[in-house]
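What follows is calculated from the coordinates using simple rules that are stated; it is not laboratory data. In this text the structure is predicted, and so the values were computed from the model without any measurement. All Cβ positions, glycine included, derive from the backbone under ideal geometry; neighbour counts span all protein chains shown.
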Amino acid sequence: MRIEIATILENKLIASNIWEMKMTAPEIVEQYKGAGQFIQILVQSSWDRPLRRPMSIAAIDGDQIAIIYKVFGVMTQILTKLKPGAALDILGPLGNTFTWGNDEFTSVLVGGGVGLAPILNMYGEGIVSGQESVLVIGARTSKEHFIDHDPQNNVFLATDDGTIGIAGTIIPAIKKSLENISKPAIFACGPEPMLKAVQDFAATHQIPAQISVESYMGCGVGICQGCVLERSNGNISEHSYHEKYSLVCIDGPVYESKDVILA
Amino acid sequence: MPDLHVKIGSVDFENPIFVASGTYGYGTEVSGLADITGLGAIVTKSITRYPREGNPPPRIVETPSGMLNSIGLANIGVDTYIKKMIPLYEELKTPIIMNIAGSTEDEYCEILEIMELISTNIVGYEINISCPNVKAGGMEFGVDCDLTEQLTSRLRKLTDRLLIMKLSPNVTDIAAIGVAAEKGGADALSAINTLVGMSINTFNRKSNIYYGFGGLSGPAIKPVGLACVHKVYQAVDIPLIGIGGIISAVDVLEYVLAGAVAVEVGTANYRDPNVGNSIILELDALLNKNGIGSVDKLVGKVELGL
């Protein structure tokens, strides 16, 4: 991990309230280990909002990093104003990665809301490496989607309001995607209620699952101990030192679904 | 070249920029990201007699020019600290100051007794009598002059190492607590710990911190830190270490003028663990530019009135 001044190449609206930003950051790219990792962005140099903002890496291309972000508050609003050529102070790559690529299983990649960034990253890496996978993306409405519902090619969209893809939560779409799969493994990232539903679904159907959790973060490097998640298995981590709580920034953000307790 | 050396008690520090307890782990975690060897000293996160898992999330929230935290003294306990962390300090030139928290006078003393029995190059102890986030955080000592003096004098008898009492701003008269710690035999005082604060989400009416209250830190508290340091400076003769919202060399000079001989950088580390080194370079350049050979002569020299 390191702090690098990245140069923004592109920053554009790709769906309702959802933006994609590409930047060059060769030093961080060099240390990048895989989908699931994130960067901490210093959105502004003033100290009226002191903390960096964690953003999952959505793609790596050459020496470029792409992120996908939803405009949520003042800081993401400021991010949308940044123009190509502008400098951005970023810290990364941080956290662990999804562990996948076992030929025995078919990977079902599940993303929702802003959590689709690492999922799209995996999907892209899968295409490059020839790994067959199924993509399931949830959103509230069709305007928030920026890819097509294409079940023939194993891309399933879900919307709460049914305006595109399969209506309802992500679960009916996951069920649909599993119809022709004998040994699925689920990899999911999204808002906590979605992850909780995926966690329950995976447990009920005894499907191996990894989830990448979102967390409010202070430092991103394990020193503030702010971003804790309760473990279900009490394994001691040599990173965060504690049995009950894990630090999302260094132990995570990716966990075996069965190992953590979601609210 | 300005002389940045500072002597506190019997310990020489190469420069007056330390990192504050709770903002730098046990000292070596961020060594891949920051040059920890350049720091004046590293103050460890609070260590208690036995491991503590800490408070449930949410533990932190950003606030205007600052943040609230309620970590709850999550730490590995002194036995594991000795086993896992103390050996890491052997090769480290940066002075380590171990921060200690307890819920009873005996607990503080027991930790110090254990530490004094082992061989270690830590240079001193900072005693946390001011954690606002847990009942066992020593806060009952930090708000009471008699308890502060009694605890300090018991700890004094146990060690010849540097003994620093860390003061809380959540009191009526911080100078009186400082005087009590001085009477008890402290070598130095550090101030301030975090201020009790609260943040509320109006959409769901929930507190943004699990237990409601947290400790406020960051640039938002700098004026409070300066005022506290100056009040204590006027009341005691032992050296002071200023803490609270330091992000630049100018902030350091403000604390020096208020009465501090050194400072601890805290929340700024979360944004950049290397900020301490940046401040050292900035301070060196600032003193150089203004022809100031050392900060010694500036300590406490704030002028009042027109």
Name the most mobile residue of A:ILE174, A:ILE57, A:ILE223, meaning the one with the largest mean-square fluctuation, in a Gaussian network model of chain A with Cα contacts below 10 Å.
-> A:ILE223
Shape call for chain B from the C-alpha gyration tensor, a ≥ b ≥ c root eigenvalues: rounded (a/c under 1.5), prolate (a/b greater than b/c) or oblate?
-> rounded
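In chain A, what percentage of the DSSP-assigned beta bridges are antiparallel, given to the nearest 5? Could the numbers behind the result be given before it?
Details: 41 of 65 bridges.
Approximately 65 percent, going by the DSSP bridge assignments.
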Zone residues, region A:78-115, relative to B:ASN274, backbone N less than 20 Å from point 7 Å out along Cα-to-Cβ | A:87-95
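So if R0 is 30 Å, what FRET efficiency would A:SER16 and B:THR202 give, r being the distance between their Cβ atoms, rounded to the nearest 0.05? It would help to have the intermediate numbers written out before the result.
Working: r = 25 Å, r/R0 = 0.83.
So the FRET efficiency works out to roughly 0.75.
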Computed [θ] at 222 nm, deg cm²/dmol, chain B (DSSP H ≥ 4; -39,500 (n - 2.57); rounded to nearest 500) = -8500 deg cm²/dmol
Calculate, in nm to one decimal, what B:HIS5 and B:VAL302 gain on full extension: separation in residues at 0.36 nm each, minus their alpha carbon distance.
-> 104.8 nm
Bridge type composition, chain B - antiparallel percent by DSSP, nearest 5 | 40 percent
Percent relative contact order for region B:178-297, counting Cα pairs under 8 Å at least six residues apart, stands at 23 percent
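What's the longest bit of chain A with no exposed GluC sites (Glu not before Pro), using DSSP loop states and at most 16 other Cβ atoms within 10 Å as the test? Could you put the intermediate results ahead of the total?
Values: sites that count: A:GLU104, A:GLU132, A:GLU179, A:GLU238, A:GLU243.
Segment A:1-103 is the longest.
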Pull up the cross-link candidates among the lysines for A:LYS22, meaning alpha carbon to alpha carbon under 25 Å and not fewer than 8 places away within one chain.
-> A:LYS12, A:LYS33, A:LYS70, A:LYS81, A:LYS83, A:LYS143
Set B:LYS93/B:LYS157; A:LYS258/B:LYS166; B:LYS84/B:LYS289, cut-off 32 Å on Cα-Cα distance; pairs above it are A:LYS258/B:LYS166; B:LYS84/B:LYS289
Within a Gaussian network of chain A (alpha carbon springs, distance under 10 Å), most fluctuating of A:ALA87, A:ALA185, A:ALA139 = A:ALA87
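What FRET efficiency comes out for A:ASN102 versus A:ILE5 if R0 is 45 angstrom and r is the Cβ-Cβ distance? Round to the nearest 0.05. Don't skip to the end; give the middle numbers.
On the way: r = 38 Å, r/R0 = 0.85.
E(calc), rounded to 0.05, equals 0.75.
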Exposure proxy order (Cβ contacts within 10 Å, fewest to most) of A:TYR216, B:TYR233, B:TYR24 | A:TYR216, B:TYR233, B:TYR24
Using the scaling law 2.2 N^0.38 Å as the reference, what is the normalised Cα Rg of the protein assembly as shown?
-> 1.04
Spit out the partnerless Cys residues in chain A, using Cβ distances under 4.7 Å as the pairing rule.
-> A:CYS189, A:CYS227, A:CYS249
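Once Rh is set to the Kirkwood radius over Cα pairs, what Stokes-Einstein translational diffusion coefficient, in µm²/s, holds for region A:106-261 at a temperature of 20 °C and a viscosity of 1.002 mPa s? Provide the component values of the computation, followed by the final result.
On the way: Rh = 16.1 Å.
For the chosen part, D equals 133 µm²/s.
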State the answer as a single residue: which of A:ILE127, A:THR169, A:ALA188 lies farthest towards the positive end of the charge dipole of region A:106-261, with beta carbon charges of +1 for Lys and Arg and -1 for Asp and Glu, about the Cα centre.
-> A:THR169
If you average the sequence gap of Cα pairs under 8 Å that are 6 or more apart and divide by the length of chain A, what percent do you get for the contact order?
-> 17 percent
Candidates A:ARG49, A:ARG140, A:ARG231; GNM for chain A (alpha-carbon contacts under 10 Å) flags as most fluctuating A:ARG49
Considering only region A:106-261, percent of DSSP beta bridges that pair antiparallel, nearest 5 | 30 percent
What is chain B's relative contact order, in percent, from Cα pairs under 8 angstrom and six or more apart in sequence?
-> 20 percent
